[in-house]
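These notes concern the structure reproduced below.
The values are calculated or read from the model by the stated rules, or taken from the named source; none is laboratory data. From a predicted model like this one, the values you see are computed outputs, not experimental measurements. Cβ atoms come from the backbone with ideal geometry, glycine included; neighbour counts cover every protein chain shown. The protein model used for the area step is the full one, side chains on, heavy atoms only, and it has no ligands, DNA or RNA in it. Shrake-Rupley method; radii C 1.70, N 1.55, O 1.52, S 1.80 Å.
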2 protein chains.
Amino acid sequence: MDKLVKYRALIQELLAAYASPEQQIFESGTEEQLIFDTVRDHYQLLAVGWERDRRVFFCVLHLDIKGNKIWLQENSTDYDIVADLVSKGVSPSDIVIGFHPKEVRALTEFAVA
Amino acid sequence: MDKLVKYRALIQELLAAYASPEQQIFESGTEEQLIFDTVRDHYQLLAVGWERDRRVFFCVLHLDIKGNKIWLQENSTDYDIVADLVSKGVSPSDIVIGFHPKEVRALTEFAVA
């Protein structure tokens with residue numbers, strides 16, 4: 001499955017690039033965690049820490065590979081990671097927008113499941 | 001570092017046990033994902049899916065190993081995973097409750113950082 005090897009590498013590359021220190025989204029008390037489970041094919045960028053006396057804990061981006069497709073499960077940013085996936089050669093029919101209801105997915109160029 | 005090998009195995013064991021199908025916390029449209037990044041030492045149980053027309057996406061439990069200690073970063077359940085860690089032999093001085101402010105951590109038997 002060459003395709004999946006490529007998808008795995010691409011997802012990790014895009015999350016790592018988005019998490020790079022140049023972005024400086026968070027204050028110093030908040031850590032950006034890259035979480036790559038290449039066995040179960042779950043990939044997440046998580047923000048964890050404190051900004052002064054306020055707890056920070058939220059998922060920035062989360063993608064899975066499931067049934068030979070890339071599932072975007074969460075995107076709390078305005079970064080269009082789907083456009084980046086497509087521009088890097090992923091077919092829209094191999095991308096599922098998990099947070100869209102199935103009826104909505106059916107109206108787009110992307111996959112339903 | 002025998003201790004860390006033990007901590008890694010223990011965290012994965014406790015999360016997997018909590019995610020076991022017998023618990024049946026969620027409806028069938030929601031998947032419980034075990035996310036184990038043993039390279040970066042991040043461990044998460046995530047709920048992802050749909051309950052009828054409502055999107056489900058939240059972190060159930062999240063633990064890290066950092067600086068030879070176990071950090072509990074999120075617990076959205078009433079499961080006392082810290083008690084389980086201690087009962088399995090982890091010293092309270094090796095556990096950091098990340099979602100407690102540092103001033104609060106200093107007042108407990110657990111570690112500040």
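Table for the structure above
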item: Eligible lysines near A:Lys6 by straight Cα distance, threshold 20 Å, same-chain separation 8 or greater; result: A:Lys66, A:Lys69, A:Lys88
item: 12 Å beta-carbon shell around A:Cys59, net charge (K/R +1, D/E -1); result: -3
item: Per-selection Kirkwood Rh - segment A:26-68 (Cα, Å, 1 d.p.); result: 11.4
item: For A:Lys88, label point 7 Å along C-beta direction: distances to other copies, nm; result: 3.4
item: Accessible surface buried upon A-B contact (total; probe 1.4 Å; Å², nearest 100); result: 1900
item: Accessible solvent surface per residue of chain A, calculated while the other protein chains remain in place, 1.4 angstrom probe, Å²; result: 50
item: Using a 7 Å Cα-to-Cβ projection, B:Val56 label spacings across copies, nm, ascending; result: 2.9
item: Shielded by partner chains, segment A:37-59 residues - at least 50 Å² of accessible area, 1.4 Å probe, vs chain alone; result: A:Arg40, A:His42, A:Trp50, A:Arg55, A:Phe57
item: Portion, in percent, of the accessible area of the protein assembly as shown that falls on carbon or sulfur, probe 1.4 Å; result: 52
item: Other-copy label distances relative to B:Glu109, 7 angstrom Cα-Cβ extension, nm; result: 6.0
item: Eligible aspartates and glutamates near B:Lys3 by straight Cα distance, threshold 18 Å, same-chain separation 8 or greater; result: B:Glu13, B:Asp37, B:Asp41, B:Asp64, B:Asp84, B:Asp94
item: Per principal axis, descending, Cα span of segment A:3-105 in whole Å; result: 44, 30, 25
item: Distance cut-off 33 Å, percentage of C-alpha pairs in the protein assembly as shown lying past it; result: 19
